[in-house]
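Engineer: First the structure, then my questions, so here it is.
The values are calculated or read from the model by the stated rules, or taken from the named source; none is laboratory data. The structure presented is a predicted model; accordingly, all values stated were derived computationally and were not measured. Cβ coordinates were reconstructed from backbone atoms using ideal geometry, including for glycine residues, and neighbour counts include every protein chain displayed. Side chains are part of the model used for accessible areas, which takes the heavy atoms of the whole protein and leaves out ligands, DNA and RNA. Shrake-Rupley method; radii C 1.70, N 1.55, O 1.52, S 1.80 Å.
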Amino acid sequence: MRAANSPRRENIPRQPLRMKSGLPIEPFLNEMQGEVRIPGSKSITNRALILSALTQGETKLKGCLFSEDTEIMCNALDALAIPVKRDINLGTICVQGNGGVWSQAEAELFVGNAGTTARFLTAMLCLHPSGRYQLDGTIAMRNRPMQGLLEALRKLGAKIICHSKDGHFPFTMETSELPGGIWEVDASQSSQILSALLMVAPLAKSEVKLHLKGETVSKPFVSMTLKMMQQFGAEIESEGLAETRISNTARYKSVGNCWPVEPDATAASYFLALPGVVGGEAFLPGLQREMLQGDIRFAAILKQVGYKTHFIHKGIGSTAQPDDLRGGEFDFNAISDTFLTLAAIAPLLKGETRITGIAHTRKQETDRINAMATELRRLGQRVEETDDSIHIFPNRRALHAKAIEGVHIETYDDHRVAMSFGILGSLDLRGDGSPWLTVLNPDCCSKTFPDFFEKLENLRQASVIE
């Protein structure tokens, strides 16, 4: 029987409409000088929404990201009768938590191409004692890994029927709460699978000992999850990530008024890298050396390349002399969302750039290794790829020749491909200030950074000397 406010299947959007036209990137005519305010972290916002929903009482989150991914999460909570109030002007989201008990036992839920929503929401739904939920996502989401999570939840009592390919969306699940005891999970393809189980563990029927089979990727994101759980009142004993004990007697507590969401360290990578393309200095307020987000370590990668980055109490600054920058070999396993930023500017660096530890990015919004390799070859660069790496051999002469012709960059509906090449296109390669690089489907940035190209253009205009 359909719940009263559950949307009909035919009304669920299957693929967000995108502007398929291209955006020519206007090059900077002078060195940049400016401050860039980065939006709130998508990873933190969506984790905080789940944790707030599992507390008892209202939690107000401030500095939130308002984007496609976070809106999908908010809509899902609304569909479960968990009240969510957004105020985009104040940058706040208020969630009325219910201690893991919600009234909506049946619903059809759309997760888009939001990996955090897909994994976190699926695990949370299993807390309901008698739920029946149908979940689906975009075509891209249907190809992203869910197998490790679904296998773990099946062992814990959930009945899950996949309607196309086992371990993938779309699927229907019947839930009967979560038992305690030993939980085993294979999170080798996505750390979000491990984070999803960790966040619901405090609401299991008894204490949970979560055992990770093998390794996982992007470990700093799991550390982020554990720290946030503790801030919301969970009691955790962890021996690395392989064995984690979570008490079920310390339930989540509302953190009250205005819990702060950090600026997005992944989004910051683009503007931290920009001075190496156009010269000058960028300052990003709110970013700190010690953050919940591991992607702040991208600043250390830039130092190896030849940038000067410095933290002060108000934020981080980045300066560079483009002629002094060099490539090298870098392991991006822990901060893989930022590898595209470095790969896009690799044609401008002295010497080869080899990026390793990124096999799991082939199963994200798109096959990111192949996407970057394909577009860099379009720019006249020689690129070698393996399952786990991308190796870029810079050819400035070929890049200049392609710029004279003009290049259209395909973004594969992946926001990080679009933003990374937007930074490269800011270089005045033709020498006359005319655009040479066009980013196709720039609206895909609405996933995590809706006004990215507006901020980039504002910086360019601020650099103009009259």
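Engineer: Fully extended, how many nm does the chain gain between Lys219 and Asn395 (0.36 nm per residue separation, minus their Cα-Cα distance)?
Structural biologist: Full extension of this stretch gives 59.9 nm more.
Engineer: If you take the beta carbon distance between Gln231 and Ile404 as r and set R0 to 45 Å, what does 1/(1 + (r/R0)^6) give as a FRET efficiency, to the nearest 0.05?
Structural biologist: It comes to 0.25.
Engineer: Whole-Hz Karplus ³J(HN,Hα) for region 225-237, in order, using 6.51 cos²θ - 1.76 cosθ + 1.60 and θ = phi - 60°, x for Gly and Pro?
Structural biologist: Coupling constants for region 225-237: 4, 4, 5, 5, 4, 5, 5, 8, x, 6, 10, 10, 10 Hz.
Engineer: Order the following by accessible area, largest value first: His415, His408. Probe radius 1.4 Å; ligands, DNA and RNA are ignored.
Structural biologist: Ranked list, largest accessible area first: His408, His415.
Engineer: Would you work out the charge dipole size for region 260-359 about its Cα centre, treating the Cβ of every Lys and Arg as +1 and the Cβ of every Asp and Glu as -1, and quote it to the nearest 20 debye?
Structural biologist: That gives region 260-359 a dipole magnitude of about 200 debye.
Engineer: Hey, could you pull the Cα Rg and Dmax for the chain, both in Å?
Structural biologist: 22.2, 68
Engineer: Quick one: pull the percent of accessible area on region 343-395 belonging to carbon and sulfur, 1.4 Å probe, ligands and nucleic acids left out.
Structural biologist: Using a 1.4 Å probe with all protein chains present, region 343-395 comes out at 43 percent carbon and sulfur.
Engineer: Something else about it: Between Gly97 and residues 5 or more places away or on another chain, which pairs have amide H atoms under 5 Å apart, with H built 1.01 Å from N, and which residues are they?
Structural biologist: The answer is Gly57, Glu58, Thr59.
Engineer: For region 74-206, what is the accessible area per residue in Å², given a 1.4 Å probe and the full set of protein chains?
Structural biologist: 34 Å²
Engineer: Let me ask you something else. Helix-only mean residue ellipticity at 222 nm, the chain, DSSP H runs n ≥ 4 weighted -39,500 (n - 2.57), per residue, nearest 500. What is it?
Structural biologist: The helix contribution divided over the chain gives -9000 deg cm²/dmol.
Engineer: Determine the dipole magnitude for the chain: charges of +1 sit on the beta-carbon of Lys and Arg, -1 on that of Asp and Glu, nothing else is charged, the reference point is the Cα centre, and the result goes in debye to the nearest 20.
Structural biologist: It comes to approximately 600 debye.
Engineer: Distance in nm between label sites at Asp87 and Arg326, each 7 Å beyond Cα in the beta-carbon direction?
Structural biologist: With each label placed 7 Å out from Cα toward Cβ, I get 5.2 nm.
Engineer: Please list the non-local residues whose amide H lies under 5 Å from the amide H of Leu109, H modeled 1.01 Å from N, same-chain partners needing a gap of 5 or more.
Structural biologist: Gln134, Leu135, Asp136
Engineer: Rounded to the nearest 0.05, what FRET efficiency do Arg382 and Glu35 have when you use their Cβ-Cβ distance and R0 = 41 Å?
Structural biologist: Rounded to the nearest 0.05, the efficiency is 0.65.
Engineer: Nothing charged except the Cβ atoms of Lys and Arg (+1) and of Asp and Glu (-1): what's the magnitude of the dipole of region 164-300 about its Cα centre? Round to the nearest 20 debye.
Structural biologist: 160 debye
Engineer: Can you list residues from other chains, or at least 5 along the same chain, whose modelled amide H is less than 5 Å from the amide H of Gly327?
Structural biologist: The list, which skips near neighbours in sequence, is Lys350, Gly351.
Engineer: List the lysines whose Cα lies under 19 Å from the Cα of Lys227, skipping any in the same chain that are fewer than 8 positions away.
Structural biologist: Filter leaves Lys42, Lys60, Lys62, Lys209, Lys219, Lys253.
Engineer: Express in whole angstrom the spacing between the alpha-carbon centres of region 311-353 and region 398-465.
Structural biologist: What the calculation gives is 17 Å, centre to centre.
Engineer: With bins 10 Å wide starting at 0, give me the P(r) of region 110-165 over every alpha carbon pair, in whole percents.
Structural biologist: Final binned percentages: 21, 62, 17, 0.
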